[in-house]
There are 2 protein chains.
Amino acid sequence: MTPAERLERYAELAVRIGANVQRGQIVEVVGLVEHAPLARAVAGAAYRAGARYVDVTYGDAHVRRARIEHAPEDTLSTTPHWLLTREREFARARGAWIGITGDPEPELVGDLPGERVGKTRMVDLAEESMKTVNERLINWTGVAFPNEGWARAVFDEPDVERLWDVVAHAVRLDEPDPVAAWAAHVDRLDRRAAALDALQVDALRFRGPGTDLTVGLLEQSVWCGPRSYTAWGLPHVANMPTEEVFTTPDARRTEGVVRSTRPLVLYGTVVRGLEVRFEDGRIAAVDAGSGADVVRGQLATDERAACLGEVALVDGKSRVADAGVTFFDTLFDENVTSHVAYGSAYAEAVDGDPPEQGFNVSSVHTDFMIGGPEVDVDAVTRAGDVVPLLRDDVWQLSA
Amino acid sequence: MTPAERLERYAELAVRIGANVQRGQIVEVVGLVEHAPLARAVAGAAYRAGARYVDVTYGDAHVRRARIEHAPEDTLSTTPHWLLTREREFARARGAWIGITGDPEPELVGDLPGERVGKTRMVDLAEESMKTVNERLINWTGVAFPNEGWARAVFDEPDVERLWDVVAHAVRLDEPDPVAAWAAHVDRLDRRAAALDALQVDALRFRGPGTDLTVGLLEQSVWCGPRSYTAWGLPHVANMPTEEVFTTPDARRTEGVVRSTRPLVLYGTVVRGLEVRFEDGRIAAVDAGSGADVVRGQLATDERAACLGEVALVDGKSRVADAGVTFFDTLFDENVTSHVAYGSAYAEAVDGDPPEQGFNVSSVHTDFMIGGPEVDVDAVTRAGDVVPLLRDDVWQLSA
């Protein structure tokens with residue numbers, strides 16, 4: 001497989017299996033300028049799949065850096081109105097969305113005042129996007145583009161080929177029939193989600209070094225695998241790779257402390273050794289070796305950001321974990337180990353309409369990694385039984 | 001001057017002298033992904049000048065290529081509605097606009113069906129932008145970013161440094177005080193415009209190999225130099241470099257034939273040896289060594305595209321001409337020699353409100369080069385005198 005073929009195949013996978021682009025759809029592709037080669041390949045694949053119009057929007061972390069450095073304080077969290085218009089028109093058109101990750105400079109703004117970094121986010125736009133996702137108006141996926149800077153972050157050297165090998169393995173491009181391999185993989189995780197549903201989990205407990213966390217679930221919580229559905233029933237795979245099963249917690253019932261087990265890349269900074277204390281469901285304290293002020297700045301932009309919106313279980317044996325590296329990219333790191341996200345919950349992970357109480361709504365959704373070989377995960381069932389789910393990073397249920 | 005300093009100085013020039021960005025303004029920067037280094041420098045300079053928000057939008061010619069290749073025929077000229085919203089909100093906000101040229105692949109779509117290439121343009125957006133410019137709602141400029149592909153087009157080798165030298169010379173970055181040098185340059189061309197106004201020109205005549213063209217002017221036509229003004233009186237320099245004086249022709253009074261003297265890069269193709277015949281003010285026939293079908297496809301998108309909207313006079317001795325090359329970039333080639341543009345006229349080049357008759361309104365504005373040492377240019381005055389303006393590429397008036 002030549003590099004060009006590999007790129008084409010990844011783009012095809014993103015379009016056909018990931019977003020599952022339909023004939024006549026508008027397709028939004030969002031990445032950084034450094035992601036142009038994959039964005040172009042995705043645009044071509046989307047048009048070949050029958051897209052009516054492909055809108056590629058490139059972000060630029062250096063331009064964002066200039067905003068953080070120089071823009072007036074009161075403008076940092078604002079959204080230009082036309083971006084909201086775009087989001088709404090796109091949702092109304094029932095578009096497909098393909099996001100590209102793989103940060104070439106994960107620590108680009110690490111030297112700037114953390115609180116300003118955390119505040120520099122388009123709150124209204126993020127809220128609108130979250131609404132679009134939760135009303136299931138679009139079919140979407142996230143993929144990653146290996147590049148020099150990202151490779152340097154992962155391997156301490158700009159070995160893009162090595163990173164491509166890791167990514168290609170993680171997303172099953174190295175399989176003779178990636179589509180069939182994905183179908184089998186999705187089925188396996190769907191069975192795991194079904195087993196958890198059958199267990200009738202009332203709460204999850206994470207215990208390990210620096211971690212003693214209880215995450216209460218809702219009565220309506222359901223466990224989800226990789227396959228999502230739009231409101232009109234179109235299946236798509238929202239992350240490529242994905243190794244998780246996840247559900248929506250009861251935003252009022254998170255208690256205890258949790259220590260992150262992997263660095264978190266957040267807005268061009270690396271948050272290391274994140275420690276969070278929850279009280280009555282809310283984040284009451286944030287500490288970190290570095291980047292705590294970025295998280296605090298972010299939380300300050302949204303009253304509801306401080307509650308959990310997702311809890312996800314991931315075992316230690318997977319195609320993503322095989323590489324044995326830290327990815328400095330949430331799409332990958334969150335699929336190496338269990339994680340939680342503070343901020344908005346996903347409506348697809350509750351049965352029926354999201355309940356008024358306990359289902360968190362926010363403009364934030366930030367996953368951070370809390371699992372690993374030293375972290376035991378148990379389920380407490382509604383019947384009051386304690387059932388081990390993960391020990392030494394190994395999945396304990398039969399499915 | 002290091003390459004980094006040179007980039008900074010060009011960005012500063014674009015922001016301070018070109019667009020003349022004001023404190024509190026929103027600034028739109030538009031370029032290709034390949035222009036990211038200059039776009040970033042411009043964003044930084046704009047924020048330092050007090051911009052409230054800098055919106056950098058990157059186009060991608062490869063994504064456009066995919067659209068031309070694959071999108072349904074009936075969608076090629078359409079504009080996503082939110083782009084119109086952006087344009088209107090930006091105009092309402094009285095923003096500043098900085099466009100970046102320097103095409104890394106001027107012939108990227110040269111192998112695709114020309115008519116589809118010419119039709120693939122957002123007609124409604126172009127119309128809206130033209131309206132914004134003509135109501136003088138924004139202060140704007142165009143600059144260029146030297147890059148490998150563009151250098152290859154100019155020199156047949158990717159000598160970016162050589163191209164930077166040429167560009168830096170053309171935009172007076174090689175002056176000890178570029179701002180003062182620009183002020184003197186603007187004054188000189190303003191005097192030339194004033195001399196033409198004093199002459200009371202009724203028509204221009206271009207005569208040379210393959211060219212015998214008469215361009216009638218309006219009674220209200222005025223000659224403009226490099227300095228433009230917004231509706232509220234803010235000066236800006238719309239092109240950097242610029243060597244032209246221009247006016248608005250009477251769209252009904254162009255007659256004869258004209259042969260282009262420089263290749264025209266149009267939508268990712270190179271139109272070579274363009275020959276156009278005008279009858280009663282309208283383009284009646286288009287021929288070319290290559291690319292005629294692209295022009296025809298473009299003209300088919302807009303009934304009014306076939307009339308002239310601008311005529312500009314440029315002598316052969318200037319900082320842009322010094323390099324003695326073909327630039328394959330209209331911002332530069334149009335400042336080496338006299339040119340006309342078919343499509344929309346500029347309101348600033350008429351006295352008072354644009355007249356209902358004879359002032360062309362269109363979504364197109366395409367300049368092509370028609371001057372050179374072999375092309376004589378005369379003015380026919382309202383009094384009936386014939387006054388030589390250009391002979392052997394040398395300006396004939398005293399100013």
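The values are calculated or read from the model by the stated rules, or taken from the named source; none is laboratory data. Since we're looking at a predicted model, the values are computed, not measured. Neighbour counts run over all protein chains shown; Cβ positions are idealised from the backbone, glycine included. Side chains are part of the model used for accessible areas, which takes the heavy atoms of the whole protein and leaves out ligands, DNA and RNA. Shrake-Rupley method; radii C 1.70, N 1.55, O 1.52, S 1.80 Å.
Heavy atoms only, probe 1.4 angstrom, no DNA, RNA or ligands counted: give me A:ASP74, A:ASP159 ranked by accessible area, highest first.
So the residues, ranked largest to smallest area, are A:ASP74, A:ASP159.
Given charges of +1 on the Cβ of Lys and Arg and -1 on the Cβ of Asp and Glu, with all other atoms neutral, how large is the dipole of chain A about its Cα centre, in debye to the nearest 20?
Dipole of chain A, to the nearest 20 debye: 920 debye.
Within the protein assembly as shown, what whole-number % of the accessible surface is contributed by carbon and sulfur, with the 1.4 Å probe and all protein chains included in the calculation?
48
When the dipole is taken about the Cα centre of region A:10-66, and only Lys, Arg (+1) and Asp, Glu (-1) are charged at their Cβ, what size is it in debye, to the nearest 20?
My answer is approximately 120 debye.
Which one, B:ALA195, B:VAL350, B:LEU13, projects farthest toward the positive side of the charge dipole computed for chain B from Cβ point charges (K/R +1, D/E -1)?
B:LEU13
To the nearest 500 deg cm²/dmol, what mean residue ellipticity at 222 nm is calculated for the protein assembly as shown from DSSP H runs of n ≥ 4 alone, each contributing -39,500 (n - 2.57), summed and divided by the residues?
Calculated at 222 nm, the ellipticity per residue is -9000 deg cm²/dmol.
To the nearest 20 Debye, how big is the dipole of region A:329-387 about its Cα centre, given +1 on the beta carbon of each Lys and Arg and -1 on that of each Asp and Glu?
The calculation lands at about 140 debye.
Rank B:GLU356, B:GLU348, B:GLU73 by accessible area, highest first, at a 1.4 Å probe radius?
Solvent-accessible surface, decreasing: B:GLU356, B:GLU73, B:GLU348.
Using only alpha carbon pairs under 8 Å that are at least six residues apart, calculate the relative contact order of region A:179-395 and give it in whole percent.
Rounded, it is 23 percent for region A:179-395.
With an 8 Å cut-off on Cα pairs and a minimum separation of 6 or more residues, tell me the relative contact order of chain B in percent.
With pairs under 8 Å counted, the relative contact order is 17 percent.
Hey, how many Å between the Cα centroid of region B:225-282 and the Cα centroid of region A:164-179?
When both Cα centres are located, 52 Å separates them.
Take each complete run of DSSP H in chain A, measure how far its Cα atoms stretch along the helix's own axis, and keep only those covering 20 Å or more with mean Kyte-Doolittle hydropathy at least -0.5; list them.
Membrane-span-like by this rule: A:178-199.
For region B:1-98, which chymotrypsin sites (Phe, Trp or Tyr not before Pro) pass both filters: DSSP loop (anything but H, G, I, E, B) and at most 13 other C-beta atoms within 10 Å?
Filter output for region B:1-98: empty list.
Which of A:GLY208, A:PHE145, A:TYR229 sits closest to the plus end of the dipole of chain A, meaning its Cα is farthest towards the positive end, when Lys and Arg get +1 and Asp and Glu get -1 on the C-beta?
After comparing all options, I get A:TYR229.
How high is the FRET efficiency between B:ALA284 and B:GLN22 when r is their beta carbon distance and R₀ equals 41 Å, given to the nearest 0.05?
Efficiency, rounded to the nearest 0.05: 0.35.
Tell me the per residue accessible area of the protein assembly as shown using a 1.4 Å probe; a whole number in Å² is fine.
37
Across peptide A:49-56, how many C-beta atoms of other chains are within 10 Å of each residue C-beta, on average?
5
What are the residues whose amide H is under 5 Å from the amide H of A:GLY289, where those residues sit 5 or more places off or on another chain and H is modelled from the backbone?
A:ARG272, A:GLY273, A:LEU274
Taking the alpha-carbon distance from B:LYS119 and a cut-off under 24 Å, which lysines remain once sequence neighbours fewer than 8 residues away in the same chain are dropped?
Those lysines meeting the cut-off are B:LYS131.
Counting only protein chains, not ligands or nucleic acids, how are B:ARG40, A:ARG188 ordered by accessible area (probe 1.4 Å), most first?
A:ARG188, B:ARG40
State the dimensionless ratio Rg/Rh of the protein assembly as shown (Rg: radius of gyration of Cα atoms; Rh: Kirkwood radius).
1.04
Compute the separation of the alpha-carbon centres of region A:40-56 and region A:300-335 and state it in Å as a whole number.
Taking the Cα centre of each part, region A:40-56 and region A:300-335 sit 29 Å apart.
Mind giving me the FRET efficiency for B:ASP177 and B:ARG272? R0 is 35 Å, r the Cβ-Cβ distance, nearest 0.05 is fine.
0.30
Accessible area lost on pairing A with B, both sides, 1.4 Å probe, Å² to nearest 100?
2800
How far, in nm, would the chain grow between B:THR381 and B:HIS81 when pulled straight, counting 0.36 nm per residue and subtracting the alpha carbon separation?
Length gained between B:THR381 and B:HIS81: 103.4 nm.
Using a Gaussian network model of chain B with C-alpha springs under 10 Å, which one of B:ARG23, B:ARG252, B:ARG116 is most mobile by mean-square fluctuation?
B:ARG23
Provide a whole-number value for the mean count of partner chain Cβ atoms within 10 Å of the Cβ atoms in peptide A:40-48.
5
Please name which of A:ALA66, A:PRO80, A:VAL29 has its Cα lying farthest along the dipole of region A:1-121 towards the positive end, using unit charges on Cβ (Lys, Arg +1; Asp, Glu -1) and the Cα centre as origin.
In region A:1-121, that residue is A:VAL29.
Let me confirm one metric for peptide B:162-174, namely the mean number of other chain beta-carbon atoms within 10 Å of its residues' beta-carbons.
If you average over the peptide's residues, the count of other-chain Cβ atoms is 0.
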